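Before any comments, here is the structure.
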Amino acid sequence: MTKKIVVLISGSGSNLQALIDAERQGELGSGTITLVVSNKKSAYGLTRAAEASIPTHVRTLKEYKDAGKTREDFDRELAEHIEESQHPDLIVLAGWMHILSPAFVDRFRGKIINLHPALPGELDGAHAIDRAYSEFKAGERTKTGVMVHFVIPEVDKGKPILTQDIPCVEGDSLEDLENRIHVVEHEILPKAVKLVLEDNLSAA
Ligand code: GRF
C-alpha cells in the first residue's frame, strides 16, 4: 500500500531532491511523492520535481492579495486542493517559507512534518542558521543542530521526530556552517519521513 507524500517548498529544493533520491533508492519505505507545491513561481525545486516527473502546483500569496483575498483564504484553499487532489498520508514542509495558519494545520494535524535547521526550543522562526552563527561568534553557543518535527500552529514547536546536534567550529564561515547543516538535513529528512510512515509515529 503506497503512502502518498506531498512536499511543500519555496526555494532551491535541495531537501526535496534528497527525498526524490531517497525514494528512488527505496529508502522511503512505502512512501511516494505525488505532488510538489510551491508558493514561489521561481522556486528551483519546481524544476527538480519536473525532472523527476512529479506533478507540481504553484499558489502564491501575491495572487490572493491582488484578488483581495486573505492568508486564511490561501491556507484554507491550498489545504482543500491538497486534500481533494491527493488525500495525502504525509505532508512535508521542506524549506517552506510561509507560516501556515490553523486553517491548514488543523486539517492535516498529525501528518504534517517540518524540517528546521535548529534544535528543539532554540532559534524558532526564520534565519535560524544566521542567528546560530552570530551567537557562536559572540561566544554564546558552541553547537546548533537540525530537527524534523510535527507541525502545530505554534511555529517550530511541534513534537520532534529526529534531531541531530551540529558543532560550530572555530574558523567556520557562515557558509561552512550552512554547508554542514545542509548535509545533515539531506540525511535526516528522508529518515524522518520513513519513520513517520513506517512506524506510524503519532504527533500526540
Ligand atoms: C533549509 O535549510 C531548510 O531547513 C530551511 O530552508 C532551507 C531550504 O533549503 N527552512 P532547500 O530549499 O531545501 O534547498
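The values are calculated or read from the model by the stated rules, or taken from the named source; none is laboratory data. This is a predicted model, so every value here is computed, not measured. With ideal geometry, Cβ positions are generated from the backbone for all residues, glycine too; neighbour counts draw on all protein chains shown.
Would you point out which residue out of Ile33, Ile54, Ile99, Ile91 is crowded, with 17+ Cβ neighbours inside 10 Å, outside any strand (DSSP E or B), in contact (Cβ under 8 Å) with a residue 24 or more places away in the chain and under 18 Å from the mean Cα position of the chain (by Cα)? Reasoning before the result, please.
Values: Ile33 fails: outside any strand (DSSP E or B); Ile99 fails: crowded, with 17+ Cβ neighbours inside 10 Å; Ile91 fails: outside any strand (DSSP E or B).
Exactly one of Ile33, Ile54, Ile99, Ile91 is crowded, with 17+ Cβ neighbours inside 10 Å, outside any strand (DSSP E or B), in contact (Cβ under 8 Å) with a residue 24 or more places away in the chain and under 18 Å from the mean Cα position of the chain (by Cα), namely Ile54.
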Next item on the list: Run Leu177 past the list (1) within 20 Å of Trp96 (Cβ to Cβ); (2) touching a helix residue (DSSP H, G or I) at 6+ places or on another chain (Cβ under 7 Å) and report the number of the one that doesn't hold.
Entry: (1)
Margin query: Going residue by residue through the range 29-51, is there one that turns out to be within 12 Å of the ligand (Cβ to nearest atom), of a type in the set (D, E, K, R), at pLDDT 95 or above and closer than 26 Å to Val184 by Cα?
Written below: yes
Next item on the list: Identify all residues within the range 57-88 that are within 18 Å of Ile9 (Cβ to Cβ) and part of a helix (DSSP H, G or I); write none if there are none.
Entry: Leu61, Lys62, Glu63, Phe74, Asp75, Leu78, Ala79, His81, Ile82, Ser85, Gln86
Check: What are the pairs, 6+ residues apart or on separate chains, where a residue within the range 190-201 that is more than 16 Å from Pro88 (Cβ to Cβ) has its Cβ under 6 Å from a residue that is acidic (Asp, Glu)?
Finding: Pro190/Glu27
Item checked: Among the residues listed as Asp156, Asp172, the single one being within 20 Å of Gly11 (Cβ to Cβ) and part of a loop (DSSP other than H, G, I, E, B) -> Asp156
Checklist line | Selection from the range 110-147 of residues that are more than 10 Å from the ligand (Cβ to nearest atom) and in contact with a strand residue (DSSP E or B) (Cβ under 6 Å, 6 or more places away or on another chain) | finding: Lys111, Ile112, Ile113, Leu119, Pro120, Ala132, Lys143, Thr144, Gly145
Item checked: Single condition Asp172 does not satisfy, out of (1) touching a residue at least 40 places away in the same chain (Cβ under 8 Å); (2) more than 21 Å from Asp21 (Cβ to Cβ) -> (1)
Check: Can you pull out the residues in the range 146-200 that are in contact with a Pro (Cβ under 7 Å, 6 or more places away or on another chain) and either at pLDDT 95 or above or exposed (fewer than 15 other Cβ atoms within 10 Å of the Cβ) (or both)?
Finding: Val146, Met147, His149, Pro160, Thr163, Ile181, Glu185
